[in-house]
Amino acid sequence: MFKELRPAIISFLLLSLLTGIAYPLLVTGISQLTMSAKANGSMIVKGDKPVGSSLIGQSFSDPKYFWGRPSATGPMPNNASASSGSNLGPTNPALMEAIKGRVQALRDADPGNTQPVPVDLVTASASGLDPHISPAAAVYQLARVARVRKLSPDAVRKLVDEHTEGRQFGILGEPRVNVLELNLALDNAN
């Protein structure tokens, strides 16, 4: 009987060694050599302290900051260990109520703003962790941020333009603005 089991056990051990130890070590080693910042979480450091990752959204509610996309993660927003969407469909009354509340919060923060609210400011991304907003969402918030910070709209617009990333490889995705990086640049500007 051991004669029949021996090849299966040896195959199991060899494949476990190959896929469970050798491959992960090889991939980790290559990524540390070729792109260590990305391999270590794309951390953004201010001074000596990490303040976040450029890949995970953060919640901002102070009017002096640009606000990112709503997060659908629980039990707290932008919880990287609970990445998920809300799973609420477009006809779900709970989604409609959440969107109405988010629109109202944006209107309350900037009552004079009569522009249409960009959809990415009131709907969560599929992961619930999106760190980016569209350039239109940044422009929507620009006057509020400039007014609260007592900066000229042109100065804030320049920062938004500097932090707008183009399409990946010139063709993939849409232009986007990393909210954390933009807000850190705003803090440095004041």
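The values are calculated or read from the model by the stated rules, or taken from the named source; none is laboratory data. Computed from a predicted structure; not experimentally measured. Here Cβ is always computed from backbone atoms with ideal geometry, including for glycine, and neighbour counts include all displayed protein chains. These accessible areas exclude ligands, DNA and RNA; they are computed on the full protein's heavy atoms, side chains included. Shrake-Rupley method; radii C 1.70, N 1.55, O 1.52, S 1.80 Å.
Laid out as a table, the results:
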quantity: Residue identified as aromatic (Phe, Trp, Tyr) and closer than 28 Å to VAL148 by Cα among TYR23, TYR65; calculated: TYR65
quantity: Search result, residues across segment 101-124 that are assigned to a loop (DSSP other than H, G, I, E, B), within 17 Å of ALA138 (Cβ to Cβ), out of contact with any strand residue (DSSP E or B) (no Cβ under 9 Å at 6 or more places or on another chain) and not hydroxyl-bearing (Ser, Thr, Tyr); calculated: ASP110, ASN113, GLN115, PRO116, VAL117, VAL122
quantity: Residue match in segment 98-113 (condition: of a type in the set (Gly, Ala, Ser), within 23 Å of ASP187 (Cα to Cα) and touching a Ser or Thr at 6+ places or on another chain (Cβ under 7 Å)); calculated: no
quantity: Of all residues making up segment 142-170, the number that are outside any helix (DSSP H, G or I), out of contact with any strand residue (DSSP E or B) (no Cβ under 8 Å at 6 or more places or on another chain) and buried (at least 21 other Cβ atoms within 10 Å of the Cβ); calculated: 0
quantity: Residue within segment 171-184 that is part of a helix (DSSP H, G or I), within 16 Å of LYS64 (Cα to Cα) and polar (S, T, N, Q) present; calculated: yes
quantity: When residues of segment 125-141 are limited to those that are not hydrophobic (A, V, I, L, M, F, W, C) and not in a loop (DSSP other than H, G, I, E, B), the one nearest to SER71 (Cα to Cα); calculated: HIS132
quantity: 1 or more residues open to solvent by less than 60 Å² (accessible area, probe 1.4 Å) and touching a Ser or Thr at 6+ places or on another chain (Cβ under 7 Å): qualifying helices (runs of 4 or more DSSP H) within segment 1-92; calculated: 36-39
quantity: Test: LEU142 is closer than 19 Å to GLN58 by Cα and in contact with a Leu (Cβ under 8 Å, 6 or more places away or on another chain); calculated: no
quantity: Residue among GLY52, GLY47, GLY85 that alone is modelled with pLDDT under 90, touching a strand residue (DSSP E or B) at 6+ places or on another chain (Cβ under 8 Å) and not aliphatic (A, V, I, L, M); calculated: GLY52
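Conditions (1) among the aromatic types (Phe, Trp, Tyr); (2) free of Cβ contacts under 8 Å to residues at least 12 places away in the same chain; (3) under 25 Å from LEU55 (Cβ atoms); (4) touching a helix residue (DSSP H, G or I) at 6+ places or on another chain (Cβ under 7 Å), marked per residue:
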| site | (1), (2), (3), (4) |
| --- | --- |
| GLY101 | no, yes, no, no |
| SER125 | no, no, yes, no |
| ALA136 | no, no, yes, no |
| LEU142 | no, no, yes, yes |
| ASP161 | no, yes, yes, no |
| GLY170 | no, yes, yes, no |
| VAL179 | no, no, yes, no |
